[in-house]
Amino acid sequence: KIYKHHIKVGFSPEKIRPYTQIPADFGDFWNKNKAELAKLPLIYTKELVKEYCTDQMDCYLVKLQVNERGQAIYGYLFYPKHAKEASCPVVLCPPGAGIKTIKEPLRHKYYAEHGCIRFEIEIHGLNPKMPTEDFKDISNAFNGKENGYLNNGLDNRDNYYMKRVYMACIRSIDLLVSLPEWDGRNVVVQGGSQGGALALVAAGLDPRVTACIANHPALSDMAGYMAGRAGGYPHFFRVAGMDTPDKLNTMAYYDVVNFARSIKVPTRMTWGYNDDVCPPTTSYAVYNVLQCPKEALITPINEHWTSEDTEYGHLTWMLNHLR
């Protein structure tokens, strides 16, 4: 297929290195949080969603508790029809940024059609069955440019909003590997933008992950502006007062580049040169620090989107990397 658009060019992009440095106690900080999470029982509910079931798969709406305070996330869990015990790879798909419903739950139905269990999640504890207008109202009220969830608690690494989100991804993997239909070997994480960031974070945090797929990850080299170049989404430095020492310190504990440094499993990334949301420099900053088997699909004309061919190509790549 031929795609036409304007293009941008890169000069020696393989030499790009992140501005962001890894804190000395980065591993200790996250190991402590994982240990605390592991003490909590796995609590969730599951109900059949008939409108997303097909002749080849079943879909369930899951509400999964993610901490001791009772906070939860929701997700659609897709099973191959009549899945047998110990037969299915599992795939976790975190969402892009925003306060919104889970869009197009059937977009990736071909994962279940190829024998995988796939869990498409949201991160805020909002039931995806709510009306779209309710999501818009909540987003307008609580997700402003200066005070949105990605800014919430940024002054302190222990209070930052995304700590619960990163741990929710680990808890989602806890759920997936508890399923009797899991094949006992394969745990794949896959997503785009914020979801791509969370896929890479999960791959860096959780040794159960066996493969990672990320489209144009957000939250990557966020402090890159300090080096005189674009930093990663959410572009904190476009808001005055975001470059304080406390905020910069917290960013380093949550920056994707510092999780990418420890990924050991096969990883596929894709990004485009026309992306002004998650600039290609930030994807290169992540890709260039990966020390694992890796593959890049560069799509020069792409803005902040991926084609259906690219998305289906992820499935093909994943199937070729099952253990």
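See the values below:
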{"read-out": "3 or more residues open to solvent by less than 50 Å² (accessible area, probe 1.4 Å): qualifying strands (runs of 3 or more DSSP E) within region 15-107", "value": "57-65, 72-80, 88-93"}
{"read-out": "Unique residue being open to solvent by 10 Å² or more (accessible area, probe 1.4 Å), polar (S, T, N, Q) and in contact (Cβ under 8 Å) with a residue 60 or more places away in the chain when the list is Asn151, Asn143, Asn186, Asn147", "value": "Asn151"}
{"read-out": "Which listed residue is hydrophobic (A, V, I, L, M, F, W, C) and either modelled with pLDDT under 95 or more than 19 Å from the chain's Cα centre (by Cα) (or both), from Val62, Val49", "value": "Val49"}
{"read-out": "Residue check, Lys1 in a loop (DSSP other than H, G, I, E, B), open to solvent by 70 Å² or more (accessible area, probe 1.4 Å), under 22 Å from Ala296 (Cβ atoms) and in contact with a helix residue (DSSP H, G or I) (Cβ under 7 Å, 6 or more places away or on another chain)", "value": "yes"}
{"read-out": "Yes/no for Tyr225 being within 20 Å of Pro23 (Cβ to Cβ), hydroxyl-bearing (Ser, Thr, Tyr), modelled with pLDDT of 95 or more and part of a helix (DSSP H, G or I)", "value": "no"}
{"read-out": "Long-range neighbours under 6 Å by Cβ, at least six apart or interchain, first residue farther than 27 Å from Thr316 by Cβ within region 251-268, second β-branched (Val, Ile, Thr) and surrounded by fewer than 20 Cβ atoms within 10 Å (Cβ to Cβ)", "value": "Asn258/Ile22"}
{"read-out": "Test for Leu176: is it within 18 Å of the chain's Cα centre (by Cα), farther than 22 Å from Met57 by Cα and surrounded by 14 or more Cβ atoms within 10 Å (Cβ to Cβ)", "value": "no"}
{"read-out": "Check on Lys247, over 16 Å from Asn302 (Cβ atoms) and assigned to a helix (DSSP H, G or I)", "value": "yes"}
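The values are calculated or read from the model by the stated rules, or taken from the named source; none is laboratory data. From a predicted model like this one, the values you see are computed outputs, not experimental measurements. Don't worry about glycine lacking a Cβ; one is built from the backbone with ideal geometry, like all the others, and counts go over all protein chains shown. SASA here: full protein model, heavy atoms, side chains in, ligands and nucleic acids out. Shrake-Rupley method; radii C 1.70, N 1.55, O 1.52, S 1.80 Å.
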